[in-house]
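Report on one structure; see the data block that follows.
The values are calculated or read from the model by the stated rules, or taken from the named source; none is laboratory data. No experiment lies behind these values; they were computed from the predicted model shown. Neighbour counts run over all protein chains shown; Cβ positions are idealised from the backbone, glycine included. Side chains are part of the model used for accessible areas, which takes the heavy atoms of the whole protein and leaves out ligands, DNA and RNA. Shrake-Rupley method; radii C 1.70, N 1.55, O 1.52, S 1.80 Å.
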Amino acid sequence: QVQLVESGGGSVQAGGSLRLSCTSSGSRFRFDRVAWYRQAPGSQRELVAHMTSGGSTDYAEFVKGRFTIGRDYAKNAVYLQMSNLNPEDTAVYYCYTERVVNVEGATVKHWGQGTQVTVSS
């Protein structure tokens, strides 16, 4: 069973930066699609950014120009570089992966346990 582990969360002042990392328990971090979601207290979980295995990326409008999703091959991880943070970015951030496992297109999905990001004004 693959386990995803997020790290890098913490507390930062508005305007600051954090870099989240997501690693996999497998020897290779395999996915067809990887994404970062976040969930603030009292809110639904929302998509922040995602990336395909081919490297295509897309971002939620509220993070475009501030966040970057990418792959760290040296660390066998996926990261979310967050800059110019504001208090509205405060949330638990989750790593999510999808991998197609057969020709019918069935997918296996995994979630990490989340990492807290707190931005103070």
**Message:** List the residue pairs whose Cβ atoms are under 8 Å apart, where the first residue sits in the stretch 58-72 and is farther than 12 Å from residue 47 by Cα and modelled with pLDDT of 95 or more, the second is part of a loop (DSSP other than H, G, I, E, B) and open to solvent by 70 Å² or more (accessible area, probe 1.4 Å), and the two are 6 or more positions apart or on different chains.
**Reply:** 66/84
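Specify which of the listed residues (38, 28, 19, 33) is open to solvent by 60 Å² or more (accessible area, probe 1.4 Å), under 14 Å from the mean Cα position of the chain (by Cα) and touching a residue at least 24 places away in the same chain (Cβ under 8 Å).
Working: 38 fails: open to solvent by 60 Å² or more (accessible area, probe 1.4 Å); 28 fails: under 14 Å from the mean Cα position of the chain (by Cα); 33 fails: open to solvent by 60 Å² or more (accessible area, probe 1.4 Å).
None of the other options fit; the residue is 19.
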**Message:** Filter the stretch 20-48 down to the residues that are assigned to a strand (DSSP E or B) and closer than 19 Å to residue 10 by Cα and list them by number.
**Reply:** 20, 21, 22, 23, 36, 37, 38, 39, 48
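Is it the case, given these coordinates, that residue 52 is open to solvent by less than 70 Å² (accessible area, probe 1.4 Å), hydroxyl-bearing (Ser, Thr, Tyr), without any contact (Cβ under 8 Å) to a residue 24 or more places away in the chain and out of contact with any Gly (no Cβ under 9 Å at 6 or more places or on another chain)?
In short, yes.
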**Hits in the stretch 24-46 - residues which are among the hydroxyl-bearing types (Ser, Thr, Tyr) and modelled with pLDDT of 95 or more** = 37, 43
**Request:** Of the conditions (1) of a type in the set (Ser, Thr, Tyr); (2) over 20 Å from residue 98 (Cβ atoms); (3) open to solvent by 60 Å² or more (accessible area, probe 1.4 Å), residue 57 clears all except one; give me its number.
**Result:** (2)
**Request:** Hey, could you check the stretch 73-107 for residues that are touching a residue at least 24 places away in the same chain (Cβ under 8 Å) and among the aliphatic types (A, V, I, L, M) and say which is most open to solvent (accessible area, probe 1.4 Å)?
**Result:** 100
